[in-house]
Structures are given as C-alpha cells and as structure tokens.
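For reference, the structure discussed in these notes is given below.
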Amino acid sequence: MSQQTDPLISSRRSFLKNTAMLGGGLLIGLPLSACATAGFPKAGDKDFQPDAFLQITPDNQVHFYMPRSEMGQGTYTGLTTLIAEELDVEPSAIHVHHVGPLSDYENPEIGFQATGGSTSMRVSFKPLRQAAANARAAILDAAAQQLNLPKAQLTTQNSQVLAKGKAFNYGEFVEVAAQLGVPDETPLKRSNEFKYMGKDMPRLDGVAKSTGTAQFGIDVDFPGLHRAVLVRSPVAGGSVKTVDDSAALAMAGVKKVVTIYNGVAVVATSYWQAKQAALALNIEWNEPEKLASFSSDTGKKWFADALNSGDFEEAFELGDGKDGLEKASKVYSAEYWAPYLAHSTMEPMNCVVKIEEGHCDIWVGCQTPDVARGLAARICDLSIDEVTLHSTFLGGGFGRRFNSDFVAEATEIAKASGLAIQLVWSREDDTRHDFYRPASLARFNVGVDKNGMIESWTAQRAGPNIMPYTLDEVVDGKAPGFMPNGLVDWLSKRGYGLFNGLTVDHSSVEGLYEDYDAVNKDVQHVTVDPGLPVGFWRSVGHSFSGFFKEGMMDEVAHGQKQDSVAYRLAHTKNNPKLNGVIKLAAEKSLWGKPLSKGHFHGVACHNSFESSVAQVAEVSVVNNEIKIHKITCAVDCGFVVNPDIVKAQMESGIIFALSAALHGEITLKDGKVQQSNFHDYPVLRMAQSPEIDVHIVASDKDPSGVGEPGVPPVAAAVANAVFAATGKRLRSLPLSLS
Amino acid sequence: MITFELNGEAVQADVSGDTPLLWVIRDHFKLKGSKFGCGMGLCGACSMMVDGVSTRTCVLPVVAVANRKITTIEGVGNPQMLSTLQQAWVDASVPQCGYCQSGQLISATALLKSNPNPSSEEIDQAMSGNICRCGTYPRIKKAIQSAASKAVLTGQSTQDGGVNIFEPGAQAKEGMA
Ligand code: FES
Ligand code: FES
C-alpha cells in the first residue's frame, strides 16, 4: 500500500469520528474514505441499516457491519479476523452483517463503495484493526474507571476484561465506554502477539454455505413478491419496436407485461409461469447498426485493421522503444489474440425491488451497492435516502456484479408494473447479456542486445475499453441529486466519446509491459469497439495481458536458447517480488528435473493488484488433446491474514483461468452472442481439474490482492508447456492444437 | 394435486404438473437451499436426491416424483446438526461463494450412500454433473475422501449402505421427521 493511498494516514485527522449509543452499546465507526468528515447518521427507522462497523452490546454481543461484499473471495472471514484480533474476541463469536451503502464505506482506491480490484484486504487492513484496537482501549478505560483499578492491571481475553483473577464481560463496560469516548490511534498488536492473524482458520461462512442456509439474492422472498422474466434485445443496446403480448397475458399466473428501455418483462406469480409466458411474447427490435454488422468470423479483421492503421495513442514510454528496436541485434515479433469472455457466475443475475409509499427497497448481492442505489433512486425519482439497499451473499462476482444493469432493470419493471418483483435471469440471459471481458489483439516487437538481454520491449494493443461502459452506470448512479436527469443522461452517454478521446484506459494495456527489465519500452493503444458491452472480468486487463506478455517472453527466451526460468530471473532484477516467486515456483515444481514420460513443464509469472504470482504447469499432449496434470503456484501477497484462504483463492483463480484457457470463447453472429449455456460455453469440471500446489512467500509487508492475481499466468504457463511438448506456439485463446 | 415425500414428510403440491421440481421446492415450499444455475440439467446446482439418487430437478417435472422420496440439502443436516460430509466441508473450508455447494453436497451424499469408499476416479465420475465456478473441486474431493475415511475408520455403518451420512444418525432423522 503506497503512502498516499493509505486511508489510515490520509484520514488520520478524521479517523474514528464517533461513538454513539444505538439500541444500547458501544458503536465504533470509522471512515474508510480519505475525506469523510460527516458523523454517522441515525439508523433508519424503517429497517435496521446501522451506520457503523462495530457494535458491542451490553449483553456482550459483538456485531461487525461488513463494508465489502462476500462473493467467495473470503472477505467475510478475513475482515472479521482483523476485528477479532485487535478486539480480542473469538472470530466465530462475532456476528457479521452485510450492510447497505454508506459514504463511510467507500473504497478509497475506487472512489465509491465497491468490492473489486482485489482491494478489500488491502484497504481495510489497518483501518479495521485500528477501529477494533481503539474499541478495546475504550473498554479498558471504562473498566479501569468502573472497577477503580489502574489500567495497567487489566488485560483482556476473548470478550472479557480480566482483573485481579476475575473476568468481566466487555458488555458491562460499554455504556461508560461510550460516554468516555474512544481513544485515537491505539497502538496495534505486533505480529508476534497475533492469535488469529497469520493462521489457517476455517471460513466463518462455511456452515451456512454447507447447509443451504446462506442467503443469496435469489433466495429473497416475502408474501406478495412476484417474479419477473425479461426478454432483452438479442443485439445489445437494442430497444423494443413492437410487441404482441396477447398470448402471454392469457397464460396462467401472468399479472403484467411491461416494456422497459431494453426489453419486455413478464410479471407473474411464480418464476416458472413468467418464464413460460415470456416464450409466448412476439417482439420486433430496433437494433444498433454497428454491433448488428459484427460477426466474429470476419470481425477479427476489425481488430487487425485497427492495429495496422497506425492510429495509436501513446500509453507508456520509457527511454526510446523504437530506437531500441533499431539498435537491437535481434527483434522478435508476434501477435496474440484473446476473445470475449462471459463471467458465468454460478448464481445468475437477479434483484428484488419493492416500491411503496415513496420508498424503494432493493435486495441484491452486488459489488457496487451505492451505485446500484443511486441508479434506482434516479429511476424512481427518489432521493437516495428514500432507497434502502439490503445486501446478501453473492453467488459469485468475478467482476460481473460490479455492473448494476440488473438492478436498473428490476427497478424499471417494479416501477412500470406497480408490483414488488424479483427479476431472475436465466443462464441464457446471463451468457448473452454480460459485460464481457474485452476481446484483444496485441502485437509485440522485442529487441535483444548482443548479450542476449532485452533492449527494447514494445507492445501495441487493439480492442474495446471498459471504462466508457462503466462510466455510463457510475455517472447515472453517483451523479449528485441536484443534476437533472437529462444532463446526467447526456453526460453518461457522452462519457463514451469523451472518454475514448481523452486518455488511454489503463485496464486496456495493464500488464503488457511492466514486469520485465528493459531500458526502452513503448506501449501504444488503438480502440476498436464493435459495441458489445465490456466489463471487469476477474483480473481485468491482466486476464489477457498475462497470456500475451508471458507467451512473448517465452518466445524470446527460446529464441535466445535460454532456459525459460533463468531468462525470466535475469530480467526481474528490478522486481524482487516477482523474481522471488519465479524461484520458488521453479524450486517447488522441480523445474529442470525429469518428469513422467510425455509430461512437460511451462512457466509464467505476472504482477497484478500489487501481488506477484508465478506458476509452472505440467502438461501432456495426446492426439492434440491438452491435459493439465499439475499447477505449482507461488504467490507473494504481503502479509497473509489467513493462509488457507490465500491458497483457496489461488486454486480458484487457476481453475477459473483454465476454463478460459481451454474452452472460453464468446462469439457473435450479426451482433448476437451465439453461446447460451454450459453446453456451448463449457467450464472446467472436477475430472479436468489438475492437482494444484500453492506456496506462499512469507512477508511482513502490507497485504495485497489475492482474488485475482492467480488468474493471469495460467494460460501462458499451459501454452508454454504445450510448446515444450509439441514445438507449436499457441498465440490465440482458447488454446487449441487442431 | 401431487403427493410426494419431502425430507421425510408427506407433502402435497397444488401446481401445474409440468412445473420443474426445483421451482416447486423453492417457490411453493419455500426451501431455498437448492439453487437455480442453468435450467438445462448441466450444472447440478438444483440437485436433490430422488429415492436416494442425485437428480437434476430443474428439468424434472413435478409429476415425475409423485409418491417418491425427495431429499434436499435441508434434509441432509442443518447448522445445529451437520452430517459427516457437511462437517468435512466446513473443516476443509470447501465453500467459496457457496452457491453450488448444496448441489455438490447432495451428489456427494448420494455417492457415499452407494459407494462408501470411492476411488478418486469414482469421485470425479459421481461429481461430474456439478459445476463449481469458484473452482472448489480440489477441496470437495478432499472433503469426500476425509468423510469416507472417517466413516470407515470409526466403523460407523448404517442401513444406508455402510456410511453414516447423518451424524448423529438417529437423532438427525428424528429431527427431520
Ligand atoms: S439448474 Fe439444474 S442442472 Fe443447472
Ligand atoms: S462455491 Fe461458488 S460456485 Fe461453487
């Protein structure tokens, strides 16, 4: 964590604003946002939506209001562990709540309340511990006063204050503690004092998720809730021209058929009824011309033409990349391709909306609750205080639930139908109406000097940018309430054009050039965008650049007749973290030692989200079939709060990335996505999953990302192993030898 | 009116017979543990045991289960009383997002009922209908193996074919009835 983004430092003055009594007890709040100055508003009287991180009640319950979404990555356990450690409470004794939006929960690195970019632990590590440490200090102060003992004679153990051989519950002191106020900047525990942090601990949501009792958005239900199924334009961005709903309206259970901005919704008593009736709709569409003219079989040429146009924007320069190529004794050139990809979270998109008496209630699992709430407010013409968002567990996110399109749809349907509704997407909807990982074409020219070292590393990338599509929603959701709707629409639609002309979207080029030492670098970008919506897909730009860059590096190493590991080590002298994980992965995989007959190794490494990961894939190829036997993975993600969760995230990232490496491809025909479900957009199953062996570098640096960094090296490690096995260089995803 | 046995209790559903069992269980009986993932029998999120066999219920019309025994995740155990497998799941921190896990546990439970000590390949085979997008497969396998070896080691055996799926068996079954 760099100094200027450290929320602890930047918000030191406003840190720990408030203690207050609320239903009894000590409430500790702290602003995570760097500039938060407001105190905590009162909890709403309609619903329990408290505005603090931490609450300790007189009957000794500890409540933690979790400011981030749990979508599998382990935040629920990880953040609670931070609290448990400094407050001195068993992690499993803490009641964890998902909370709705509040400005104090904003992600200081993202600028709004978001779970993404593998930031949760990174940005919470110090502030949450500090909040808990201060709370414990406040309780000790109160205990000293109440027990009339010097503070030095008091200690704590598992929600109790110990004094003179007696134990007193924290709860006994919270009222006095709340009156005395909470000290600022209590010293944090040193690592040798940690009881929970740094140790393997079972996930705190494990029982709920092993008994079917964890509540996801799709499980929300109450009397009077109707189900909605929406039929969308098959070409993204289209709208309804005409609709014949007479057959649908006549079907059992159907209450309403409504047209909204992107399609026609059937509202019925049950999901199955709505789904059947939706099949009976007859709709003609207005389709956006540009996207409707795009088909994948010919469309790759759009990307190639853009790359050949020379119409580049400069994205990064170090030294003189072109000059470096001219001076080089040998130049290696290659082009790499990655297709559009869908997220396919296990839980299809869904959202419950109830609008009643000037208030809108939303139940949803999403990664950006305050954007979602803002969008709903704008649609309903309400202030954000008149919208309550209730968060649930997320059945997978991977970046898909960073977008709030499904919340906007559900709100429009609830508003148009006048009914409380749950919008449920089918798998087909989910596959065909995603914000896809952008397809990308990149060209490298890498020059090597007479000593065989890289002299110039240059890359050019053609493809769509994510930011314009995100801006559209964020502007709508976060524009100040006084801005008229017309202006907001104009701004967000214009945002696309404004943005694309203004600057290079960093996520379009991230990871193409940073990792290896070279005195000259040059990165250029050209936007080509057929108009298929694109979004954040686990590891974002790194999801393609990791494959591109690591394939290219392997080509150069091979061209120079150098060992793939040794060549990488020689070019990471200025990158000790990456250098370290390469060494560790090589050592643990027994790189260079004989393997079983027909098995081959490939290596790849990548920095992303401030973490370093290296992987060695053990692969065999039989009849052009690629079989992956084992992935050895080394990760340096700073101090590790729960090693088992880091391992789980590496396993998860690897299997997620293998699905993409071996199978993942979204293609279009006349602008329509051709895939629909798991038969034509397959993902890895158990039998195809390799053995995975994860090793963590011990570190006392601040924690960095783990949810995403396991993804980027995987496809390249496999492709590089396939090269070792067959001599064929695979430069296109998904990997295929036939 | 369709009658069947749900987690040990006789129930009746007044729904159209072509409604898939999944939606009858979720929308009509309000048991939300079984999930919707694909609606095409491809992912296993909706798995329930029908007469002990793990079955994709998103494509199973409710008429097809008339007079049969349905076990959902709610019938396998609960937070107060975990089955051996559920305990193994918790111990190995199997779930990530958790969305697929009800279906995984149903398939694993059905597997151990019919094959108390499965090989690695047999586990792959039995679990091949269940997708986990979070990639928890290595841990699922580990948890199944640990539950199986535990059952074998402690010599627990039941009428269910050698594995005590419910722990403690008798009470759990009473609790469900
Ligand atoms: S929802 Fe039934 S198999 Fe996927
Ligand atoms: S735990 Fe998320 S899909 Fe399996």
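The values are calculated or read from the model by the stated rules, or taken from the named source; none is laboratory data. Every value quoted in this text rests on a predicted model; they were computed, and no experiment measured them. No Cβ is skipped: glycine too gets one built from the backbone with ideal geometry, and neighbour counts run over all protein chains shown. Keep in mind that these areas ignore ligands, DNA and RNA; they rest on the heavy atoms of the full protein, side chains included. Shrake-Rupley method; radii C 1.70, N 1.55, O 1.52, S 1.80 Å.
Rounded to whole Å, the principal axis extents of the Cα atoms in the stretch A:691-737 read 42, 18, 17, largest first. The share of Cα pairs per 5 Å bin across the stretch B:2-75, counted from zero up to the longest distance, runs 4, 19, 32, 31, 12, 2 percent. The magnitude of the dipole of the protein assembly as shown, with charges of +1 and -1 set on the Cβ of Lys/Arg and Asp/Glu and taken from the Cα centre, is near 1560 debye. Normalised by the number of residues in chain A, the mean separation of alpha-carbon contacts (under 8 Å, six or more apart) gives a relative contact order of 13 percent.
Which of the lysines could a cross-linker span from A:LYS354 if the Cα-Cα distance has to be under 19 Å and same-chain partners fewer than 8 positions apart are dropped? Correct list for A:LYS354: A:LYS46, A:LYS255, A:LYS256, A:LYS415.
Of the beta bridges in the protein assembly as shown, as assigned by DSSP with both residues counted there, near 75 percent are antiparallel.
The separation of the stretch A:685-700 from the stretch B:29-83, counted between C-alpha centres, amounts to 31 Å.
Using the Cβ of A:GLY310 as centre and a radius below 13 Å, the other residues enclosed give a net charge of -2, where K and R count +1 and D and E count -1.
Chains A and B together bury some 4300 Å² of accessible area, summed over both sides, with a 1.4 Å probe. Can you return the aspartates and glutamates within cross-link range of B:LYS150? Criterion is Cα-Cα under 17 Å, with same-chain partners fewer than 8 residues away left out. Within the straight-line limit of under 17 Å, B:LYS150 reaches these aspartates and glutamates: B:ASP91, B:ASP160, B:GLU167.
Can you tell me how much longer the chain between A:ALA416 and A:GLU317 gets when fully stretched, taken as 0.36 nm per residue apart minus their C-alpha distance, in nm with one decimal?
Full extension of this stretch gives 30.5 nm more.
For chain A, the fraction of 1.4 Å probe accessible surface lying on carbon and sulfur atoms is 51 percent. Could you work out the percent of alpha carbon pairs in the stretch B:39-78 separated by over 11 Å, rounded to a whole number? Result for the distance tail: 64 percent.
Sequence-distant contacts, meaning Cα pairs under 8 Å at least 6 residues apart, place the relative contact order of the stretch A:560-718 at 30 percent. Shielding value for A:721-731 is 0, the average number of Cβ atoms from other chains within 10 Å of each residue's Cβ. The largest-to-smallest principal axis extents of the Cα set in the stretch A:619-738 are 51, 35, 25 Å. For the stretch B:2-75, with all protein chains in place and a probe radius of 1.4 Å, 52% of the accessible heavy-atom surface sits on carbon or sulfur.
Give me the Debye-computed log₁₀ of I(q)/I(0) at q = 0.07, 0.08, 0.11 Å⁻¹ for the protein assembly as shown, equal point scatterers on Cα only, no solvent, two decimals. Per q value, in the given order, log10 I(q)/I(0) is -0.58, -0.77, -1.46.
Checking the Cα-Cα distances for A:LYS647/A:LYS701; A:LYS275/B:LYS142; A:LYS301/A:LYS573; A:LYS300/A:LYS521 against a 29 Å cut-off, the pairs over it are A:LYS275/B:LYS142; A:LYS301/A:LYS573. Per-residue shielding of A:671-680, expressed as the average number of other chain Cβ atoms within 10 Å of the residue Cβ, stands at 2.
Within the set of other residues whose C-beta is less than 13 Å from the C-beta of A:ALA178, count the net charge using Lys and Arg as +1 and Asp and Glu as -1. Mind dumping the intermediate values first?
On the way: positive: none; negative: A:ASP141, A:GLU172, A:GLU175.
Net charge around A:ALA178: -3.
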